[in-house]
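Notes to accompany the following structure.
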């Protein structure tokens, strides 16, 4: 296959004093990615690092412009609670989600980060996600740490989407060997 875009994975990732930008290809439809960003039962499965979790009772999402969202992440072996919250700014199904984010409790409206995820159908069951985090409320070093964390988040998102497509182990027809008569 001479396709320039990989079947799945990160194609670019960058952090600087302005924010974070990540481009990643997923084996999923734009609708599946849109749902992963806007439905609690999906968002809770991928938002966070590998030693983090968000339970269903600790998340709410009103995915419409002006709608609020919040999620309490339990992180690490010490089970530290991290409350995230924000507001949906744009919701264009299944193409784009823009939302604010803060993990600092109730702070001024101008002190949040803005997360933008744009989904482009590449065909063949693949979607390219252009992700950006902007806001200027953290240092360049903090954006670099955010980049590392978000790469883990999106790896988890890829695993969540893959698990939705793969049949459970031991089920389904076995692959046939390639002999033809």
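Rule-based calculations on the coordinates, nothing more; no lab input. These numbers come from a predicted model, not from an experiment. Cβ placement follows ideal geometry from the backbone for every residue including glycine, while neighbour counts extend to all protein chains displayed.
Okay, here's what the table says:
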read-out: Normalised contact order of region 31-122, rounded percent, pairs of Cα under 8 Å and 6 or more residues apart; value: 21 percent
read-out: Ranking of 90, 113, 57 by count of other Cβ atoms within 10 Å, fewest first; value: 57, 90, 113
read-out: Ordering of 74-81, 137-144 by burial proxy (mean other Cβ atoms within 10 Å per residue, highest first); value: 137-144, 74-81
read-out: Overall form of region 9-165 per C-alpha gyration tensor (a/c, 1.5; a/b vs b/c); value: rounded
read-out: Relative contact order (%) - region 9-165, alpha-carbon pairs under 8 angstrom, separation at least six; value: 29 percent
